[in-house]
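Working notes, beginning with the structure itself.
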Amino acid sequence: MKATQKVKRILDNYESDNPGTKANLARILMQGKLGGSGKLVILPVDQGFEHGPARSFAANPDAYDPHYHFQLALDAGLSAYAAPLGMIEAGAETYAGALPLILKMNSANSLATDKDQGVYATVKDALRLGCAAIGFTIYPGSEDQYEMIEEVRALAEEAKANGLAVVMWSYPRGGALTKEGETAVDVCAYAAHIACLLGAHIVKVKPPTAAMYLDAAKKVYEKEKINTSTLAARVRHVVQACFNGRRMVVFSGGEAKDLEGIYAEVRGLRDGGANGSIIGRNSFQRPKAEALAMLDNIIRIYQGKDVETAQSARAAAE
Amino acid sequence: MKATQKVKRILDNYESDNPGTKANLARILMQGKLGGSGKLVILPVDQGFEHGPARSFAANPDAYDPHYHFQLALDAGLSAYAAPLGMIEAGAETYAGALPLILKMNSANSLATDKDQGVYATVKDALRLGCAAIGFTIYPGSEDQYEMIEEVRALAEEAKANGLAVVMWSYPRGGALTKEGETAVDVCAYAAHIACLLGAHIVKVKPPTAAMYLDAAKKVYEKEKINTSTLAARVRHVVQACFNGRRMVVFSGGEAKDLEGIYAEVRGLRDGGANGSIIGRNSFQRPKAEALAMLDNIIRIYQGKDVETAQSARAAAE
Amino acid sequence: MKATQKVKRILDNYESDNPGTKANLARILMQGKLGGSGKLVILPVDQGFEHGPARSFAANPDAYDPHYHFQLALDAGLSAYAAPLGMIEAGAETYAGALPLILKMNSANSLATDKDQGVYATVKDALRLGCAAIGFTIYPGSEDQYEMIEEVRALAEEAKANGLAVVMWSYPRGGALTKEGETAVDVCAYAAHIACLLGAHIVKVKPPTAAMYLDAAKKVYEKEKINTSTLAARVRHVVQACFNGRRMVVFSGGEAKDLEGIYAEVRGLRDGGANGSIIGRNSFQRPKAEALAMLDNIIRIYQGKDVETAQSARAAAE
Amino acid sequence: MKATQKVKRILDNYESDNPGTKANLARILMQGKLGGSGKLVILPVDQGFEHGPARSFAANPDAYDPHYHFQLALDAGLSAYAAPLGMIEAGAETYAGALPLILKMNSANSLATDKDQGVYATVKDALRLGCAAIGFTIYPGSEDQYEMIEEVRALAEEAKANGLAVVMWSYPRGGALTKEGETAVDVCAYAAHIACLLGAHIVKVKPPTAAMYLDAAKKVYEKEKINTSTLAARVRHVVQACFNGRRMVVFSGGEAKDLEGIYAEVRGLRDGGANGSIIGRNSFQRPKAEALAMLDNIIRIYQGKDVETAQSARAAAE
Amino acid sequence: MKATQKVKRILDNYESDNPGTKANLARILMQGKLGGSGKLVILPVDQGFEHGPARSFAANPDAYDPHYHFQLALDAGLSAYAAPLGMIEAGAETYAGALPLILKMNSANSLATDKDQGVYATVKDALRLGCAAIGFTIYPGSEDQYEMIEEVRALAEEAKANGLAVVMWSYPRGGALTKEGETAVDVCAYAAHIACLLGAHIVKVKPPTAAMYLDAAKKVYEKEKINTSTLAARVRHVVQACFNGRRMVVFSGGEAKDLEGIYAEVRGLRDGGANGSIIGRNSFQRPKAEALAMLDNIIRIYQGKDVETAQSARAAAE
């Protein structure tokens, strides 16, 4: 399918990439219900690694089977599916070519004693498994942050040379950071900016809170009157930090919550100009029918077609 | 020997592997008395490294000779023999092609002061020695866990590219883990899941106890009413954590114990759907005749043909 | 454009370099308003990495867009533009061949807990992006200084072999160094000298203060009556430390300050024989028109054509 | 010289080695007065590295000259000469092909503050110098033991692939080990076993004392009534730990002592089935004539021809 | 120029080296006023790295220019010039082929907090710059000593394979060593011996004092009555530790001192059989005319032609 004008304009921002990488970005942007719109909803399933299998899948035991997630992403019309090596290997043949895959290259686990991740996959793995992109987590602020940066440098260079796209999870953590600081708006924008500077094509961060963490930053936010009062405003600031929109940024869903909470958050992301959402636990921990309905509504929010958005639009028009 | 339908169905789960790796998995699954059944009994002999020669072999001094173990695995009709480099080298010619060999790549020893292992073999070693698989131990939770994960990543990638299978010993250890936590059912299932995510073809864990270790996991086990009351139930849970059975999982025998204890445990493993057992000290520390009798009975349990199983079946039928 | 005699004389000092590297040094020396004069003004934009996006760009939000900086350097007639990987990638096509680019290979960030930097780019990146030089920061004195030296050794060797130039930011930091010691004249000259010994073509240091840090050095400065009373005198000493002028040395502008402060400093640099300035925040944090006016005046200072210099010249002539 | 039946039987135990490595083992086993007997006496001269030149050579200043040791090993009819890089380089041409050389790859020194060794030679060095084997020391129990194991893995693999033999010095040291524990019989047998598991062709350990170190081992030695009452019995146990004799094990002489002490110890080694001795300081710290006489007597002990052995044999026969 | 018999006899001691390396050793030995005599005087200029530029060059500001040192070594008729990468690069073309160059590969600096050095040059650098040898410092006794040994192993192997010579600065430092211990005669001889064992062609140490550091060594020096009463006697002992003279050893001049002090020390070195001197600060910190006069007299001392030596010879003859 030829890329739409909207997608072409996005691809034009990736000035240094070879046609292979651009083709893989196009595949992700042209996939599913949001295909061609420049918006993305991605399914990530690395929670088994991060939190263990029972905490991840016991609520919906069908999800123990790796095939479940490929099929869910496909049935929901999502843009891509991201998972660790073993999860991708287990469905690589059945779902070959069915949807863009993002091979997660590193993960942490709940038994760990330090703020780092183990790298367990290679660019060659991504190529032999037919993936469109590699995914890598960095922890800005961690004692191991420079080592993680050097790991992703090697992987990203090899990925780009081989026509793959690079997705970076940029999660401030460790070092002197407080729990609140991890999602503070100044830190979140900083983390997104670092991922862009490292050469990421798509950046994943958590939705920023209104908290401020670094004193030197706080002074500037106040002096320059940067609006951080609403989620939409904060997202707009993060988009600005992503090379003023020249790099795509998607936001994770965080802990499982109720539907209205999710929809409200997604509307905030959309209104702030986010390129999309990456929603794991909130998708696969619900019964499949419920998950499909929820994901459909999220997609409609990004399309500006969900009921509440339509109502507000109508109200505003009146 | 052409693979049985049962074996073919197992091989189909390894969607990303090349024919070379599938052939080696098939060799293991078609070997010995359980050949073709989809069940495995493996003889591992790395206790000399882990505990020293006297603690391992003095009870049955014939076992000091590396040939003894090849011959025992062969005479007992086992599925494969796993051992460190030197042990395999010492019988490589005499037993060339006689049975599938798993080259253990790393080991700890009783003199060590930290929770890590030394890597002492390479994929080239496995290839020049005619092995069917490499074996590697990870210690989830250890301070060195990410380094171990990165070591096995490199070895596993090279092994798969060269048509070998990958067996992972996943033993939680070190860091904040308590002794009880190492075999707690939540941790055991987590460890098995991590090995699957890292791309293992066959996972080896210890039989899980009814203990729970991680608080966040405990809440989920209780909320979702996950049955951990019997060994069979716990094994069923571990099998689920292994991609809902898409990856084979075998259980170690642990410390030497009496025959009835062993048989009861194996029946629990079988009833939980384990793919088999990996039995070291309980095999080679007995006189050979006794070991052969015991292994034959274990195999019969997996075949559903042992006396007690037959009696219960009869009782249930009446 | 053929190099001027002045530039040729500078190039002659780089006795061991291949024609490719000399050509790239010539490109930088022949670029912009100072082209051919042997003087340089470079625009560096790594503050987003070092201080975060808001602290860097909120004062002049156009600067969030990477294109802004390419265009600013071009419009101001500067000698080169230096920035991290992502910033260069984002304008690599639009500005291909328009001006010499220096790819910054490593950076620190404000969340870091140790005095080191992460290396996130490679010489291959510099080549595929059409850069003229690589840029690398070392922290003489830091606990990680020897590791940084070994990192730049590998990159510099590869860069030179591929016809690129090497620019080193030499910033004393960490270890036993006090804040005052970081810019003390003895330490600054030492840092510049180390960069030359490591094979840098262009050295970047901060303007030295009149402070002295190392006791053993202090005795020598007193005994040999080294003049450190004015900025010009101190810069002359740093130039001497750069192989008596055989290596180019440029000075950073430091924190944003008022125009008169900047001009006075630049006149001091010029009078001491500095090869030029490298001015980041003071450029891009002002509205573009103001920045262009300021940069034009700085260039005129280096050309000896600014008003105040002309006046003093006249006064002296009278 | 074609190998004797005795030597061929030994070579048969090295089932995985290529003809190049077997040829080098044969060269060592067919060299000197013990050639063809299956017994070895090796001259090692790394004491200069371990203890310094004066402590090693001042007692017999001729020994400062590297040629002295080649000539001593040759004149005494020994099996091989083992030494660090510089020592071998210094006589490589004069003694080319004269006797099998073992290139020591790593050493410690008396100034060191941790229990590790520096690796200062490569397999390519061994090849260009015409050596028959590489020698490497591991310190089982040391905090650095796994790193040492990983160093020897790389070197041993490359050595074997290039037709060289591998000799491992296995010296328990560091970590929690006490001085007494280093030579305790359980630890010594364990260390010898580890070297075999790592793929050594020839293992070097110190003569074990009657001490026991590890509690878990002690219980087994008592339960299984392992005889450790005499040196011969303990050596027999170590030989058993060396794959029941499938790997050669030689014993060091330890500190300089009187002749009767040395001969008694060698008789114990011989009676326990040791493959031989490796005698440094006791050889080269004596005047050459005395050293030759002593080494001749040691060789006669291994041949069963020394006076005291002959007398006891006669006494026993009467 | 064909090598003299004296030089050929020295070259014969380097039994394992290829003609390329022997040719480079010959170039050094045939260069300058001492050419053909088997004696060496080398100019080393790494003090700028070790102590900073002002402490090194302010006393004689011409020395800030790298060309000054090439020319000084040439004018004084010295054997070779040794310096860090940048210093050699800066004169590589002007002085191409004019005199043998030794590329220093690593250095420390006065800002460092640990006893290590950064490696900043490669063998390829030495080759592209037309050097005859590489120079490398090890710190026996330092916590990083084994890492330094492993660094020089890789560089020395590559250097020798490419026909370069290897000069090792062996400076005991760090760990448990006291300041006095660093130059104690037992430690100095040990350090020289270690460099020889590591495969150095030329060893550089500091002149040993009469102090003794290691207790175990002290006992041997007393028992064996090793003469350490004069500098000549101590140097003789160090020469012995250098494979009984099979490896060349040169001595540094240490801190700047008066001429009589220098000449007396050099006479001691000569009388002890040293191969020569390596004199940095004492050369380039004097005005050039004085330095040339001093170096000429030092050379005459090694030739046995200086006035005082001639007088004593005459006195002895009467």
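Considering A:141, A:163, A:199, which residue is under 28 Å from residue A:20 (Cα atoms), of a type in the set (Gly, Ala, Ser), touching a Gly at 6+ places or on another chain (Cβ under 6 Å) and within 7 Å of another protein chain (Cβ to nearest Cβ)?
A:199
Sort out which residues of the stretch A:16-34 are within 14 Å of another protein chain (Cβ to nearest Cβ) and either open to solvent by 20 Å² or more (accessible area, probe 1.4 Å) or within 21 Å of residue A:266 (Cα to Cα) (or both), and write them in order of number.
At the first step, the residues of the stretch A:16-34 found to be within 14 Å of another protein chain (Cβ to nearest Cβ) are A:16-22, A:25.
Selection gives A:16, A:17, A:18, A:19, A:20, A:22.
Taking every residue in the stretch B:300-318 that is within 18 Å of residue B:259 (Cα to Cα) and pairing it with any residue that is among the aromatic types (Phe, Trp, Tyr) and part of a helix (DSSP H, G or I), at least 6 positions away or on another chain, the pairs with Cβ-Cβ distances below 8 Å are B:301/B:263; B:306/B:263; B:308/B:263. Annotation: residue A:62 fulfils all but one of (1) within 14 Å of chain B (Cβ to nearest Cβ); (2) assigned to a loop (DSSP other than H, G, I, E, B); the unmet one is (2). Looking at the stretch A:246-260 only, could you name the residues that are closer than 26 Å to residue A:104 by Cβ and more than 14 Å from chain C (Cβ to nearest Cβ)? Of everything in the stretch A:246-260, those that are closer than 26 Å to residue A:104 by Cβ and more than 14 Å from chain C (Cβ to nearest Cβ) turn out to be A:250, A:251, A:252, A:253, A:254, A:255, A:256, A:257. Could you please let me know if residue E:146 is over 21 Å from residue E:20 (Cβ atoms), out of contact with any Lys or Arg (no Cβ under 9 Å at 6 or more places or on another chain) and at pLDDT 95 or above? Here the answer is yes, as residue E:146 does meet what is asked. Of everything in the stretch D:104-125, what is more than 9 Å from every other protein chain (Cβ to nearest Cβ) and touching a Lys or Arg at 6+ places or on another chain (Cβ under 6 Å)? Give them in sequence order. Of everything in the stretch D:104-125, just one residue is more than 9 Å from every other protein chain (Cβ to nearest Cβ) and touching a Lys or Arg at 6+ places or on another chain (Cβ under 6 Å), namely D:115.
If you go through the stretch A:302-312 and keep only what is open to solvent by less than 60 Å² (accessible area, probe 1.4 Å) and either in a helix (DSSP H, G or I) or not charged (D, E, K, R) (or both), you end up with A:302, A:304, A:309, A:310.
When you look at residue B:191, is it crowded, with 17+ Cβ neighbours inside 10 Å and within 9 Å of chain A (Cβ to nearest Cβ), yes or no? So residue B:191 passes the test.
Let's see how each residue does on (1) in contact with a strand residue (DSSP E or B) (Cβ under 6 Å, 6 or more places away or on another chain); (2) β-branched (Val, Ile, Thr); (3) over 18 Å from residue D:38 (Cβ atoms); (4) in a loop (DSSP other than H, G, I, E, B):
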| site | (1), (2), (3), (4) |
| --- | --- |
| D:269 | yes, no, no, no |
| D:290 | no, no, yes, no |
| D:294 | no, no, yes, no |
| D:300 | no, no, no, no |
| D:316 | no, no, yes, no |
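Answer yes or no as to whether residue E:54 is without any contact (Cβ under 8 Å) to a residue 40 or more places away in the chain and open to solvent by 10 Å² or more (accessible area, probe 1.4 Å).
No.
Yes or no: the stretch D:151-168 includes at least one residue that is out of contact with any strand residue (DSSP E or B) (no Cβ under 9 Å at 6 or more places or on another chain), polar (S, T, N, Q) and surrounded by fewer than 23 Cβ atoms within 10 Å (Cβ to Cβ). Yes, the conditions are met somewhere in the stretch D:151-168. For the stretch A:110-128, taking the residues that are part of a loop (DSSP other than H, G, I, E, B) and open to solvent by 10 Å² or more (accessible area, probe 1.4 Å), the one that is modelled with the highest pLDDT is identified as A:122. Residues that are touching a Gly at 6+ places or on another chain (Cβ under 8 Å) and outside any loop (DSSP other than H, G, I, E, B) were ranked within the stretch A:252-263; the one that is nearest to residue A:80 (Cα to Cα) is A:252. Only one entry of D:209, D:178, D:183 meets the criterion of being farther than 28 Å from residue B:44 by Cα, open to solvent by 30 Å² or more (accessible area, probe 1.4 Å) and within 12 Å of chain B (Cβ to nearest Cβ), and that entry is D:178.
Residue D:135 meets the conditions (1) within 14 Å of chain B (Cβ to nearest Cβ); (2) at pLDDT 95 or above in every case but one. The failed one is (1).
A quick yes/no check of all residues on (1) among the aromatic types (Phe, Trp, Tyr); (2) under 26 Å from residue A:69 (Cβ atoms); (3) part of a loop (DSSP other than H, G, I, E, B):
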site	(1), (2), (3)
B:186	no, yes, no
B:195	no, yes, no
B:211	no, no, yes
B:220	no, yes, no
B:227	no, yes, yes
B:234	no, yes, no
B:249	no, yes, no
B:265	no, no, no
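Take the conditions (1) open to solvent by 30 Å² or more (accessible area, probe 1.4 Å); (2) in contact (Cβ under 8 Å) with a residue 12 or more places away in the chain; (3) within 11 Å of chain D (Cβ to nearest Cβ); residue E:215 misses just one of them, which is (2).
Residues checked against (1) part of a helix (DSSP H, G or I); (2) of a type in the set (Val, Ile, Thr); (3) over 20 Å from residue C:123 (Cβ atoms); (4) within 14 Å of another protein chain (Cβ to nearest Cβ):
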{"position": "C:1", "(1), (2), (3), (4)": "no, no, yes, no"}
{"position": "C:10", "(1), (2), (3), (4)": "yes, yes, yes, yes"}
{"position": "C:14", "(1), (2), (3), (4)": "no, no, no, yes"}
{"position": "C:36", "(1), (2), (3), (4)": "no, no, yes, no"}
{"position": "C:56", "(1), (2), (3), (4)": "yes, no, yes, yes"}
{"position": "C:67", "(1), (2), (3), (4)": "yes, no, yes, yes"}
{"position": "C:72", "(1), (2), (3), (4)": "yes, no, yes, no"}
{"position": "C:92", "(1), (2), (3), (4)": "no, no, no, yes"}
{"position": "C:102", "(1), (2), (3), (4)": "no, yes, no, no"}
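Given the criteria over 25 Å from residue E:22 (Cβ atoms), open to solvent by less than 10 Å² (accessible area, probe 1.4 Å) and either within 9 Å of chain E (Cβ to nearest Cβ) or not in a loop (DSSP other than H, G, I, E, B) (or both), does residue D:78 qualify? Spelling it out, it is not the case that residue D:78 is over 25 Å from residue E:22 (Cβ atoms), open to solvent by less than 10 Å² (accessible area, probe 1.4 Å) and either within 9 Å of chain E (Cβ to nearest Cβ) or not in a loop (DSSP other than H, G, I, E, B) (or both). If you check residue E:98 against the conditions, is it touching a helix residue (DSSP H, G or I) at 6+ places or on another chain (Cβ under 9 Å), open to solvent by 10 Å² or more (accessible area, probe 1.4 Å) and either assigned to a loop (DSSP other than H, G, I, E, B) or more than 7 Å from every other protein chain (Cβ to nearest Cβ) (or both)? Yes, satisfied.
Results for (1) more than 24 Å from residue B:108 (Cβ to Cβ); (2) out of contact with any Cys (no Cβ under 8 Å at 6 or more places or on another chain), shown as yes or no for each residue.
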{"position": "B:183", "(1), (2)": "no, yes"}
{"position": "B:211", "(1), (2)": "no, yes"}
{"position": "B:215", "(1), (2)": "yes, yes"}
{"position": "B:221", "(1), (2)": "yes, yes"}
{"position": "B:225", "(1), (2)": "yes, yes"}
{"position": "B:231", "(1), (2)": "yes, yes"}
{"position": "B:236", "(1), (2)": "yes, yes"}
{"position": "B:241", "(1), (2)": "yes, no"}
{"position": "B:244", "(1), (2)": "yes, yes"}
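Each residue in the stretch D:271-288 was checked for being of a type outside the set (A, V, I, L, M, F, W, C), surrounded by 19 or more Cβ atoms within 10 Å (Cβ to Cβ), free of Cβ contacts under 8 Å to residues at least 60 places away in the same chain and in a loop (DSSP other than H, G, I, E, B), and 1 pass. Residue count for the stretch A:35-51, restricted to those that are open to solvent by less than 10 Å² (accessible area, probe 1.4 Å) and either in contact with a Phe, Trp or Tyr (Cβ under 6 Å, 6 or more places away or on another chain) or of a type in the set (Phe, Trp, Tyr) (or both): 2. Any residue at all in the stretch B:227-238 that's within 27 Å of residue A:117 (Cβ to Cβ) and buried (at least 21 other Cβ atoms within 10 Å of the Cβ)? Yes: one or more hits.
The values are calculated or read from the model by the stated rules, or taken from the named source; none is laboratory data. Treat the numbers as computed from the prediction; the structure is a model and nothing was measured. Glycine gets a Cβ as well: all are built from the backbone with ideal geometry, and neighbour counts include every protein chain shown. Surface accessibility is based on the protein's heavy atoms, side chains included, excluding ligands, DNA and RNA. Shrake-Rupley method; radii C 1.70, N 1.55, O 1.52, S 1.80 Å.
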